[in-house]
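This report refers to the structure that appears directly beneath it.
Values quoted throughout were computed directly from the atomic coordinates according to the rules given, and no laboratory measurement underlies them. Bear in mind that the values here come from a model prediction, so they are computed numbers and not experimental data. All Cβ positions, glycine included, derive from the backbone under ideal geometry; neighbour counts span all protein chains shown.
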Amino acid sequence: MNLRSFHVVGGIALLAMLAVAAWGIAQVGAGAQVPIHWNVQGEPNGFAPAWLGFLLIPVITAGIVVLMTVIPRIEPRRENLRRSAPAYRTMAVALVVLMAAIQAVVVLSGTGMVIPVGYVVGIGVGALFVIIGNVLATVRSNFMFGVRTPWTLSSDRSWDRTHRLVGRLFVLTGILMIVLALTGALWLVMGGMLVLLTVTLATGYWYSYKQWQADPDRRPTGSGA
C-alpha cells in the first residue's frame with residue numbers, strides 16, 4: 001500500500017507539533033505545571049511539567065504513524081486492505097490532523113490562553129466522524145480496521161451492508177456532535193458522543209448478524225477464508 005501522502009502529512013504535522021511544543025516550553029519553562037486533562041465542565045483537573053505535557057501528544061502521534069504504517073504489512077487480507085487504500089489514507093490523515101489540533105489546544109492552554117475546549121473537542125471529533133463515515137463504505141473486508149464482528153468477517157454481504165449503514169450513522173453522529181459543540185459545554189459533547197456511539201455500535205453489531213443470517217454464501221464464524 002502506498003502511504004507516501006500520509007507520511008508527508010504525518011511528518012509535517014509532527015514537525016509543527018514539536019515546534020509548537022518548543023515554543024510553549026520557551027514561554028513557561030520546562031518545569032512549569034501545565035494542564036493536560038479537563039473535566040466535563042471544561043476546567044483543567046490534571047497537570048504535568050511543561051516538557052512532558054507539551055511533548056506527550058507528539059509522542060502519541062508518532063506512535064499512531066508507526067502503527068498505521070505497520071498494519072498493512074501484517075494484515076492477513078492484504079489485498080483487500082490494498083483495495084481500501086484511499087479510505088485507509090483518509091482516516092489516517094484525519095486522525096493525525098485531529099492530534100495536531102489537540103496539541104495546539106494543550107500548548108496554548110498551558111501558556112495561559114483561554115481555549116474553549118468544548119468547541120475544539122466537539123468540532124474536531126465530530127469532523128473526524130463525518131470523514132470516517134464518508135469513506136467507511138469503501139473499506140473491504142480485513143482484520144485490522146472497520147466494523148469487525150464475527151459476522152462481518154465471515155460474510156462479504158454482512159461486511160458491505162454493515163459498513164454502508166454504520167458509515168451513514170457515523171456521519172450523523174459527527175454532525176450532531178458538531179451541533180452539540182456549539183453549546184460550548186464539554187459535558188454535553190462527551191455525553192452526547194457516548195450515547196451516539198453506543199447506539200451506532202450496537203446497531204451495527206445487530207445489523208451485521210442479521211445480514212450474516214441472510215447471506216446464503218456466509219462462512220462459519222471464525223473462518224479466515
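Sorted from largest down, give the three principal axis spans of the alpha carbons of region 153-217, whole angstrom values.
For region 153-217, the Cα spread along each principal axis is 49, 15, 14 Å.
Between Phe143 and Asn2, 0.36 nm times their residue separation minus their Cα-Cα distance comes to what?
Details: separation 141, 0.36 × 141 = 50.76 nm, distance 1.90 nm.
Here the segment from Phe143 to Asn2 would lengthen by 48.9 nm.
What is the list of residues in region 113-152 whose amide nitrogen lies under 20 Å from a point 7 angstrom out from the Cα of Arg78, following Cα to Cβ?
Residues passing the 20 Å test: 140-146.
Take Trp23, Trp38 and order them by how many other Cβ atoms sit within 10 Å, fewest up front.
On the way: Trp23 13, Trp38 19.
Taking fewest neighbouring Cβ atoms as first place, the list is Trp23, Trp38.
Please identify the DSSP H helices in the chain that span no less than 30 Å along the helix axis (Cα) and have a mean Kyte-Doolittle hydropathy of -0.5 or more. Walk me through the intermediate numbers first.
Working: long enough: 4-28 (36 Å, 1.54); 50-74 (36 Å, 2.08); 85-110 (37 Å, 1.72); 156-181 (37 Å, 0.58); 186-213 (40 Å, 0.69).
The qualifying helices are 4-28, 50-74, 85-110, 156-181, 186-213.
Per the Cauchy relation, a quarter of the hull surface: what is the mean projected area of the convex hull of the alpha carbons in region 1-138, in nm²? Display every interim value, and only then the final one.
Details: hull surface 34.9 nm².
So the mean shadow area of the Cα hull is 8.7 nm².
Can you order the peptides 49-60, 5-16, 95-106 by their average number of other Cβ atoms within 10 Å per residue, highest first? Don't skip to the end; give the middle numbers.
Values: 49-60: 18.8, 5-16: 16.1, 95-106: 20.4.
Highest-to-lowest ranking by the protection proxy: 95-106, 49-60, 5-16.
Ranking Glu75, Glu43 by Cβ neighbours within 10 Å, fewest first, what do you get? Walk me through the numbers before you get to the answer.
On the way: Glu75 18, Glu43 10.
Arranged by neighbour count, lowest to highest, Glu75, Glu43 become Glu43, Glu75.
Suppose only helical runs count, i.e. DSSP H with n ≥ 4. What mean residue ellipticity at 222 nm does that imply for the chain under -39500 (n - 2.57) per run, divided by all residues and rounded to the nearest 500 deg cm²/dmol?
Values: 7 runs with 155 residues, N = 225.
So the helix-based figure for the chain works out to -24000 deg cm²/dmol.
Lys/Arg Cβ at +1, Asp/Glu Cβ at -1, dipole of the chain taken about the Cα centre: which of Gln41, Ser158, Ile102 is farthest positive-ward?
After comparing all options, I get Ser158.
Just how large is the dipole of region 4-213 about the Cα centre, in debye to the nearest 20, putting +1 at every Lys and Arg Cβ and -1 at every Asp and Glu Cβ?
Details: 14 positive and 5 negative charges, 186 e Å.
The calculation lands at about 900 debye.
Starting from the Cα of Asn39, move 7 Å in the Cα-to-Cβ direction to define the label point; list residues of region 76-120 whose amide nitrogen is under 12 Å from there.
none
Measure off 7 Å from each Cα along the Cα-to-Cβ vector at Phe47 and Ala19, then give the distance between these two points in nanometres to one decimal.
Going by the 7 Å Cα→Cβ label model, 3.0 nm.
Toward the positive end of the charge dipole of region 4-213, about the Cα centre and with charges on Cβ (Lys, Arg +1; Asp, Glu -1), which of Val195, Ser141, Trp23 goes farthest?
Farthest along the dipole direction, towards plus: Ser141.
If R₀ is 22 angstrom, what is the calculated FRET efficiency for the pair Arg168 and Thr198, using the beta carbon separation as r and rounding to 0.05?
Numbers: r = 17 Å, r/R0 = 0.76.
After rounding, the FRET efficiency stands at 0.85.
Calculate, for Leu188 and Ile64, the FRET efficiency according to 1/(1 + (r/R0)^6) with r their C-beta to C-beta distance and R0 25 Å; round to the nearest 0.05.
Details: r = 27 Å, r/R0 = 1.10.
After rounding, the FRET efficiency stands at 0.35.
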